[in-house]
Amino acid sequence: MQKNRQRDVRYAQRAPTNVNHLDTHIGIDAHHHDDHQIAYAGSGVLSITTDSGTWVAPPTRALWIPAGTVHEHRAYGRTDLHCVGLPTRCNPLSLDGPAVIAVGPLLRELILAYTRDPGPDSPARRRMLGVLLDQLRASPLQPVHLPTPTDPRLAAVCALLHADPADPRGLAALAAQAGAGAGERTLSRLFRAELGMTFPQWRTQLRLHQALRLLAVDTPVTAVAHQCGWSSASAFIDVFRRAFGHTPGTHRPRPVTDPGSAAAPLNPELV
């Protein structure tokens with residue numbers, strides 16, 4: 001997200017609890033609200049982007065968006081976006097920044113049920129929310145954050161890889177083409193100091209993010225491996241399994257089974 005776009009940021013006092021249906025590559029422009037929000041893709045893949053970077057979540061993950069965080073959404077594949085708005089007093093993970101949370105079968109069903117029919121407040125809904133928050137407290141955080149560089153030398157190198165995640169060149173060659181004006185050793189230090197990870201770790205995160213987007217639109221696993229820079233499908237599957245705990249085949253688009261999936265298209269004012 002470009003910082004100079006924040007003058008166009010939309011503000012909503014409350015983060016809604018609802019379901020929206022997004023076609024692939026549909027985005028929701030920069031906005032923020034005074035409540036915390038959980039964003040979950042019941043189908044497809046969802047990303048949020050802030051000035052600090054990008055977080056991507058398939059249906060086995062949910063996104064935590066703290067109150068006041070300026071962020072954009074984007075869908076990959078046919079995506080059912082389930083949003084849970086929470087007042088600031090409800091912060092079950094005590095987080096002050098965006099995060100990706102593991103979603104097990106029970107938490108998934110709770111999010112679907114709670115957002116599918118928001119309705120008025122009632123004892124039953126309060127009990128459901130209480131169990132949902134308990135499940136969140138027990139859900140591990142997932143390291144799928146792709147940080148955005150602010151140093152122009154890093155930004156130049158990262159832009160080349162965003163354009164072609166499969167580019168196999170090392171840091172020195174990329175820096176030379178980008179005209180970064182810094183050597184490999186300096187850039188390596190900048191990756192660790194500014195982004196909190198090494199250059200190979202950042203590139204792997206970028207490739208995993210791109211892989212999730214491609215899998216969401218039913219790209220074959222072998223093609224995803226090739227387009228994202230892995231030497232073979234088996235190498236890609238191994239890295240993917242270590243990152244997400246299961247194979248890429250799990251992320252093939254599933255038929256939408258949520259009631260109401262033919263509802264009206266997204267109204268950005270309701271997100």
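The values are calculated or read from the model by the stated rules, or taken from the named source; none is laboratory data. All values reported here derive from a predicted model rather than from experimental measurement. No Cβ is skipped: glycine too gets one built from the backbone with ideal geometry, and neighbour counts run over all protein chains shown. Surface areas here come from the heavy atoms of the whole protein model, side chains and all, with no ligands, DNA or RNA. Shrake-Rupley method; radii C 1.70, N 1.55, O 1.52, S 1.80 Å.
I'd like to check something: does region 25-36 contain any residue that is within 16 Å of Val131 (Cα to Cα) and assigned to a strand (DSSP E or B)? The answer is no, given that none of the residues of region 25-36 is within 16 Å of Val131 (Cα to Cα) and assigned to a strand (DSSP E or B). Residues in region 24-48 that are in contact with a Leu (Cβ under 9 Å, 6 or more places away or on another chain) and open to solvent by 10 Å² or more (accessible area, probe 1.4 Å) were compared, and the one that is nearest to Tyr76 (Cα to Cα) is Gly44. Ala263 meets each of the listed conditions (1) modelled with pLDDT under 90; (2) open to solvent by 70 Å² or more (accessible area, probe 1.4 Å) apart from (2). Scanning region 161-190 for residues that are open to solvent by less than 40 Å² (accessible area, probe 1.4 Å) and assigned to a helix (DSSP H, G or I) yields Leu161, Leu171, Leu174, Ala175, Ala178, Leu187, Ser188, Leu190.
Residue by residue, here is whether (1) modelled with pLDDT under 85; (2) over 17 Å from the mean Cα position of the chain (by Cα) holds:
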position	(1), (2)
Thr186	no, yes
Thr204	no, no
Leu208	no, no
Arg241	no, yes
Asn267	yes, yes
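When Leu129 is tested against (1) under 28 Å from the mean Cα position of the chain (by Cα); (2) loosely packed, with under 12 Cβ neighbours inside 10 Å; (3) part of a helix (DSSP H, G or I), only condition (2) is not met. Among the residues of region 194-226, the one identified as acidic (Asp, Glu) and in a helix (DSSP H, G or I) is Glu194. Among the residues of region 136-156, those identified as open to solvent by 60 Å² or more (accessible area, probe 1.4 Å), without any contact (Cβ under 8 Å) to a residue 40 or more places away in the chain and in a helix (DSSP H, G or I) are Pro152, Arg153.
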